[in-house]
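Asker: This is the structure I want to talk about, given as structure tokens.
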Amino acid sequence: MPKENKTAANGCGKIRSRSENETALLTLMTKTGYSIVQENGQRKFGGPPPGWEGPPPPRGCEVFVGKIPRDVYEDELVPIFERAGKIYEFRLMMEFNGKCIGVCVSLDNCRLFIGAIPKEKKKEEILSEMKKVTEGVVDVIVYPNATDKTKNRGFAFVEYESHRAAAMARRRLIPGTFQLWGHTIQVDWADPEREVDEETMQRVKVLYVRNLMVSTTEDTIKAEFNKFKPGAVERVKKLRDYAFVHFFHREDAIVAMSVMNGKCIDGAVIEITLAKPVNKESTWKQHFNGQIGPSSENLLGFPNKEDRHPKSLGKSARLSIDLNGQHTPGPPEVERCTYPFFPGKKLTPINMYSLNSSHFSSAAMHLDYFCNKNNCAPPEYYLYSTTSQDGKTLLLYKVLIRRNADGSQNSFMPSKFCTTVEDAKELAAQFTLLHL
């Protein structure tokens with residue numbers, strides 16, 4: 001049991017002794033009939049409550065509450081949350097000194113990202129090993145290497161039977177001393193798959209096709225998907241080893257998904273799902289209004305590299321931004337493709353600021369656009385460097401924003417270093433956008 005301070009203040013500012021804290025908790029248990037058990041760095045109130053019959057509440061019934069005062073305990077918190085309804089279980093996260101930690105909105109995530117896995121390991125080996133070292137493992141998702149299908153990409157997603165099982169596994173695996181097959185692994189929450197309402201998905205006529213060969217062309221993909229019904233495919237957009245296949249009619253997309261899933265194209269067995277539509281404009285409006293919380297998907301749009309580990313299922317690898325322990329959203333992914341230029345085609349000079357934000361794919365461009373629209377001078381970037389313990393050069397940008405209206409200025413600097421100038425600038429721009 002972690003050691004608590006001898007005194008604590010209640011919500012009214014009164015200093016309580018340790019014995020008064022214990023008395024208050026005993027009174028709460030006597031009044032409610034709930035038990036309080038401390039285990040694995042958290043104190044659990046209830047779960048199940050007295051007289052509960054049937055299974056536990058389904059996923060989606062739990063919330064995490066952040067910014068709880070560190071000197072407030074269950075006897076004050078439970079009555080507040082009971083106003084919303086009957087509590088099945090209340091878990092208070094504890095530090096080793098007995099204080100509460102800050103938490104964010106619960107995503108009820110049951111999936112962990114495991115990085116730095118030996119690339120020669122097969123799914124069965126990874127699944128077997130994870131079941132040995134953690135409890136509640138349901139499945140392991142492993143993607144083949146883009147260029148060598150006999151190897152994995154150096155990471156896997158582990159699915160657990162519950163959010164609690166995943167949290168306990170993460171707690172066990174996260175220390176840097178834990179190793180698998182002699183390798184120190186990376187562990188984090190996998191970015192949850194974005195939920196799209198059923199009505200919207202009923203209108204989707206685009207297929208997401210993964211596990212393609214890098215060498216496979218858009219023309220080859222289009223020809224393969226047109227085999228079951230000539231002319232059904234409108235267009236194909238391929239990026240590295242995955243593609244989006246657009247159909248003229250939804251019913252053709254559904255049939256193609258059934259017929260083509262698991263088929264072999266250029267020696268690779270493909271996997272197909274319906275593509276989830278993205279509302280790019282609303283995503284950025286929510287970001288600037290603070291409506292997208294931590295752990296949202298990173299969308300910086302960097303090209304896929306084998307030494308970067310994506311944490312999002314079914315998405316291309318992107319720069320993983322972590323600001324003070326929080327994963328933050330970046331600019332929406334812009335469709336990148338080229339179109340032929342024909343001689344004589346009319347060109348019209350335009351100012352980049354006459355475009356809308358959906359035309360920009362990087363955080364640096366979004367910041368420049370944001371400053372122009374809000375009567376600020378262009379952002380100024382100042383580059384700094386340091387050296388890591390292994391002698392590697394680490395880079396970091398400070399961003400200065402000057403307001404034209406009153407001449408005031410603010411500087412922004414992320415707390416993370418990067419190894420390339422481009423990544424450092426993107427990180428600094430994203431950090432600045434987050435705090436403007």
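The values are calculated or read from the model by the stated rules, or taken from the named source; none is laboratory data. Note that the coordinates shown come from a computational prediction; the quantities given were computed from them, not determined experimentally. FYI the Cβ positions are ideal-geometry reconstructions off the backbone, even for glycines, and counts take in every protein chain you see. In case anyone asks, the SASA skips ligands and DNA or RNA and just uses the protein heavy atoms, side chains included. Shrake-Rupley method; radii C 1.70, N 1.55, O 1.52, S 1.80 Å.
Asker: Could you give each residue of region 134-149 its phi-based ³J(HN,Hα) in whole Hz, using Karplus coefficients 6.51, -1.76, 1.60 with θ = phi - 60°, and x for Gly or Pro?
Answerer: Values, residue by residue: 9, 10, x, 6, 9, 7, 10, 10, 10, 9, x, 4, 4, 9, 10, 5 Hz.
Asker: A follow-up question, please. Distance check, please: which entries in LYS373/LYS416; LYS222/LYS263; LYS149/LYS276 exceed 21 angstrom between their Cα atoms? If you can, show how the numbers build up before the last one.
Answerer: Values: LYS373/LYS416 28 Å; LYS222/LYS263 14 Å; LYS149/LYS276 26 Å.
Among LYS373/LYS416; LYS222/LYS263; LYS149/LYS276, the Cα-Cα distance tops 21 Å for LYS373/LYS416; LYS149/LYS276.
Asker: What percentage of all Cα-Cα pairs in region 111-189 are separated by more than 15 Å?
Answerer: Every Cα pair in region 111-189 considered, those over 15 Å come to 51 percent.
Asker: Could you sort 360-371, 376-387 so that the peptide with the highest average Cβ count within 10 Å comes first and the rest follow in order?
Answerer: 360-371, 376-387
Asker: At 0.36 nm per residue, and after removing the present C-alpha to C-alpha distance, how many nm does the segment from LEU383 to GLU20 gain when stretched out fully?
Answerer: 125.4 nm
Asker: Around ASP139, which amide H atoms from residues at least 5 apart in sequence, or from another chain, sit under 5 Å from its own amide H, with H modelled in the peptide plane?
Answerer: Excluding prolines and chain starts, which carry no amide H, the hits are GLU159.
Asker: Something else about it: How many nm is it between the label spots at ASN410 and ASN372, if each spot is 7 Å from the Cα in line with the beta carbon?
Answerer: Here the answer is 2.1 nm between the modelled labels.
Asker: Let me ask something additional. How long is the gain from ILE174 to GLU53 if the chain were fully straight, where each residue apart is worth 0.36 nm and the alpha carbon distance is subtracted? Don't skip to the end; give the middle numbers.
Answerer: Details: separation 121, 0.36 × 121 = 43.56 nm, distance 3.52 nm.
That works out to 40.0 nm of additional length.
Asker: ³J(HN,Hα) across region 109-117 via Karplus (A = 6.51, B = -1.76, C = 1.60, θ = phi - 60°), whole Hz, x for Gly/Pro?
Answerer: Result, ordered by residue: 7, 10, 10, 10, 9, 10, x, 6, 8 Hz.
Asker: While we're looking at this one, here's another question. Over the Cα atoms of region 357-434, what is the Rg over Rh ratio if Rh follows Kirkwood?
Answerer: Using only Cα positions, Rg/Rh for region 357-434 is 1.04.
Asker: Provide GLU89, GLU22 ordered by accessible surface of protein heavy atoms (probe 1.4 Å), highest first.
Answerer: Output order, biggest surface exposure first: GLU22, GLU89.
Asker: Would you please give the residues with an amide H less than 5 Å from that of LEU180, counting only those at least 5 places away or on a separate chain, with H modeled from the backbone geometry?
Answerer: ILE185
Asker: Order the peptides 225-235, 164-174, 403-413 from the highest to the lowest mean number of other Cβ atoms within 10 Å of their residues.
Answerer: On the way: 225-235: 15.1, 164-174: 18.3, 403-413: 11.7.
So the peptides 225-235, 164-174, 403-413, ranked by packing, come out 164-174, 225-235, 403-413.
Asker: Around PHE178, under 13 Å between beta carbons, what's the net of Lys plus Arg minus Asp minus Glu among the other residues?
Answerer: +3
Asker: Something else: Work out from phi, with θ = phi - 60° and the Karplus expression 6.51 cos²θ - 1.76 cosθ + 1.60, the ³J(HN,Hα) of each residue of region 244-261, listed in order in whole Hz, and give x for Gly and Pro.
Answerer: The phi angles translate into 10, 9, 8, 10, 5, 10, 4, 4, 5, 5, 5, 5, 4, 4, 5, 6, 8, 4 Hz.
Asker: Provide the solvent-accessible area of LYS121, counting protein heavy atoms only and rolling a 1.4 Å probe, rounded to the nearest 10 Å².
Answerer: Roll a 1.4 Å probe over it and LYS121 shows about 40 Å².
Asker: GluC sites (Glu not before Pro), restricted to region 131-203: which are DSSP loop and have at most 10 other Cβ atoms within 10 Å?
Answerer: Numbers: sites: GLU135, GLU159, GLU161, GLU193, GLU195, GLU198, GLU199; in loops: GLU135, GLU161, GLU193, GLU195.
Those that pass, being in a loop and sparsely packed, are GLU195.
Asker: With the full set of protein chains in place, find how many percent of the accessible area of region 111-189 is carbon and sulfur; take the probe as 1.4 Å.
Answerer: Reported share for carbon and sulfur atoms: 48 percent.
Asker: Taking N as the number of residues in region 198-274, what is its Cα Rg relative to 2.2 N^0.38 Å?
Answerer: So the Cα radius of gyration is 1.00 times the expected 2.2 N^0.38 Å.
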